[in-house]
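Asks: Pasting a structure here, questions to come.
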Amino acid sequence: MAQFEAAAQAAVDSIPDEFKPYLQNTIFIIEEGSKEGLMGLYEGATALGAGEGMPERVTLFKRSHELAADSMDALVEEVRRTILHEVGHHFGMEEDDLPY
């Protein structure tokens, strides 16, 4: 779990500084698994609606990442891609707009 948490923190830290003020109300959570096999899930208002109600939430599902990766490097990259994907939803991007 410690390596997975470190990979997730590194991915969050790599988000460019100009976007970070829009993520102040966003929490990042790691859960063991998703019944649906999801890698990640974004819940909440988009950055345009930030501050309205509950904090935005990005959940990473550890087991899905472990199953998708055949090495630690692949796992770190998949975690990075998932974080960027879910943060893209925070900024209002739809599935078809996201590069990952």
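Asks: Please indicate, with yes or no, whether at least one residue in region 39-51 is assigned to a helix (DSSP H, G or I) and closer than 15 Å to residue 8 by Cα.
Replies: No, region 39-51 has no match at all.
Asks: Mind counting the residues in region 55-74 that are more than 16 Å from the chain's Cα centre (by Cα) and assigned to a loop (DSSP other than H, G, I, E, B)?
Replies: Residues flagged as more than 16 Å from the chain's Cα centre (by Cα) and assigned to a loop (DSSP other than H, G, I, E, B) within region 55-74 amount to 3.
Table: residues versus (1) touching a strand residue (DSSP E or B) at 6+ places or on another chain (Cβ under 6 Å); (2) on the phi < 0 side of the Ramachandran plot; (3) modelled with pLDDT of 95 or more; (4) loosely packed, with under 13 Cβ neighbours inside 10 Å.
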| position | (1), (2), (3), (4) |
| --- | --- |
| 3 | no, yes, no, yes |
| 7 | no, yes, no, no |
| 17 | no, yes, no, yes |
| 20 | no, yes, no, yes |
| 23 | no, yes, no, no |
| 30 | yes, yes, yes, no |
| 42 | yes, yes, no, no |
| 48 | no, yes, no, yes |
| 56 | yes, yes, no, no |
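Asks: So which residues in region 16-36 are assigned to a loop (DSSP other than H, G, I, E, B) and either within 16 Å of residue 92 (Cβ to Cβ) or in contact with a Lys or Arg (Cβ under 9 Å, 6 or more places away or on another chain) (or both)?
Replies: Passing the criteria: 25, 32, 33, 34.
Asks: Could you identify the single residue in 38, 60, 67 that is buried (at least 17 other Cβ atoms within 10 Å of the Cβ) and aliphatic (A, V, I, L, M)?
Replies: Of the residues listed, the single one that is buried (at least 17 other Cβ atoms within 10 Å of the Cβ) and aliphatic (A, V, I, L, M) is 60.
Asks: What's the total number of residues in region 75-96 that are among the aliphatic types (A, V, I, L, M) and either out of contact with any helix residue (DSSP H, G or I) (no Cβ under 8 Å at 6 or more places or on another chain) or under 15 Å from residue 46 (Cβ atoms) (or both)?
Replies: Final tally of qualifying residues: 2.
The values are calculated or read from the model by the stated rules, or taken from the named source; none is laboratory data. Model, not experiment: these values are computed from the prediction. No Cβ is skipped: glycine too gets one built from the backbone with ideal geometry, and neighbour counts run over all protein chains shown.
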